[in-house]
Amino acid sequence: MSTHSLATGNPAEPLSGPAGASGAALPFALAARTLFPVARIAATMGDGTFGFHPLEIDTAVRHDLPFVAVIGNVRLQPVAAPVITRH
């Protein structure tokens, strides 16, 4: 799934934009938890995408919507980069 597409000249070949589907995993996980209350729900995302979601995390806590977040450290979060590279 992509949040938007760029025209490629061939409608059968969508091209994701620069952010692709960044930011969709956690809101989709909360929706899945709401629809399937006893299922195992996991959201996978990079460290930059995780930074997009403080309000969704707050919503999950306030409404008791548990899920597992798998966060990849791809070191693309500009705010975290100086902290990550320090030893």
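The calculated FRET efficiency for the pair Ala39 and Asn73, based on their C-beta separation and a Förster distance of 25 Å, comes to about 0.40. Each residue of the stretch 39-45 is assigned a 3J(HN,Hα), and the resulting list reads 6, 7, 10, 10, 10, 9, 7 Hz, derived from the Karplus form 6.51 cos²θ - 1.76 cosθ + 1.60 (θ = phi - 60°), x at Gly and Pro.
Taking amide H as placed 1.01 Å from N in the peptide plane, the amide H of Ala43 sits under 5 Å from that of Val68, Ala69, Val70, each at least 5 places away or on another chain.
Neighbours of Leu26, meaning other residues whose beta-carbon lies under 11 angstrom from its beta-carbon, give a summed charge of 0 when Lys and Arg score +1 and Asp and Glu score -1.
Here the extension length gained between Ala31 and His63 equals 10.3 nm, from 0.36 nm per residue of separation less the Cα-Cα distance.
All of the numbers you see were taken from the coordinates with simple rules; none came from a lab. Fair warning: this is a prediction, and the values are worked out from it, not measured in the lab. Note that each Cβ is placed from the backbone with ideal geometry, even for glycine, and that neighbours are counted across all protein chains shown.
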